[in-house]
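Below: one structure, written as structure tokens.
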Amino acid sequence: MNWDLLDILTFGTMVTVVLAIVLMARRRSRNRAYRSAAVIAVLGAFFLAWVNGAVGIIGNEENDANLLFFGVLAVAALGSFIARFRARGMALALYATALAQVSVAAFAIATDLGASGPIWPRDILVLTGIFSVFWLLSGWLFGRAAKHERRLFTDSPFLN
């Protein structure tokens, strides 16, 4: 493993972004489910970018088809902004991210992308399963946070 300056800067930037998002999530909500969901989603995104860039998921890291997985991250980011980081919308965004993850894997397998890899398609299937768990667990936790927020809103003494 020979890292050059660009590799170190890229990794440092990735870690900095993860920490910044986790700190923003802590400020956004005091709800433990919301905070946990945010951490799981950010770690999933970090590991997806890291694995995809380091060794690749489809074939090897030089296979251009791996760029499709950055579309999965784009779904998560765009969905988060559309939801304005509210728990209910974040749950839907993370479920959409899981769907995007599975869709990219299904497309790769259906079109034999990376078929020359030594353990194809097992590598795609296993990694898709792992990353989908990140997205689904995060979505579920955001859903729990949304239910908690609704209870707080409906139990407000100002509404009665």
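The values are calculated or read from the model by the stated rules, or taken from the named source; none is laboratory data. Predicted model only: the values in this text are computed from it and were never measured. As a convention, Cβ positions derive from the backbone with ideal geometry for all residues, glycine included, and neighbour counts pool all protein chains shown.
Among Leu67, Leu92, Leu99, which is the only one that is under 22 Å from Thr10 (Cβ atoms) and in a helix (DSSP H, G or I)?
Result of the check over Leu67, Leu92, Leu99: Leu67.
Given the criterion farther than 28 Å from Asn31 by Cβ and either touching a Leu at 6+ places or on another chain (Cβ under 8 Å) or of a type in the set (S, T, N, Q) (or both), identify the matching residue among Val72, Val104.
Val104
Exactly one condition in (1) β-branched (Val, Ile, Thr); (2) part of a helix (DSSP H, G or I); (3) under 26 Å from Val15 (Cβ atoms) is not met by Ile58; state its number.
With respect to (1) β-branched (Val, Ile, Thr); (2) part of a helix (DSSP H, G or I); (3) under 26 Å from Val15 (Cβ atoms), Ile58 is out only on (2).
Matching residues to (1) touching a strand residue (DSSP E or B) at 6+ places or on another chain (Cβ under 9 Å); (2) modelled with pLDDT under 95; (3) farther than 14 Å from Leu48 by Cα:
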site: Arg88; (1), (2), (3): no, no, yes
site: Ala105; (1), (2), (3): no, no, no
site: Leu113; (1), (2), (3): no, yes, yes
site: Gly117; (1), (2), (3): no, yes, yes
site: Pro121; (1), (2), (3): no, yes, yes
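Residues being over 13 Å from the mean Cα position of the chain (by Cα), crowded, with 16+ Cβ neighbours inside 10 Å and without any contact (Cβ under 8 Å) to a residue 60 or more places away in the chain: count how many of those fall in the stretch 29-43.
Residues that pass the stated criteria total 1.
For residues that are assigned to a helix (DSSP H, G or I) and either in contact (Cβ under 8 Å) with a residue 40 or more places away in the chain or at positive phi (or both), tally how many sit in the stretch 106-127.
4
State yes or no: is Met24 over 30 Å from Pro118 (Cα atoms), surrounded by fewer than 14 Cβ atoms within 10 Å (Cβ to Cβ), of a type outside the set (Gly, Ala, Ser) and touching a helix residue (DSSP H, G or I) at 6+ places or on another chain (Cβ under 9 Å)?
Yes, satisfied.
So that you can scan it fast, the table gives a plain yes or no per residue for (1) in contact with a Cys (Cβ under 7 Å, 6 or more places away or on another chain); (2) at pLDDT below 85; (3) aliphatic (A, V, I, L, M):
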position: Leu127; (1), (2), (3): no, no, yes
position: Leu141; (1), (2), (3): no, no, yes
position: Arg144; (1), (2), (3): no, no, no
position: Arg150; (1), (2), (3): no, yes, no
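Looking at the stretch 44-59, which of the residues that are within 17 Å of Ala76 (Cβ to Cβ) and small (Gly, Ala, Ser) is surrounded by the most Cβ atoms within 10 Å (Cβ to Cβ)?
Gly44
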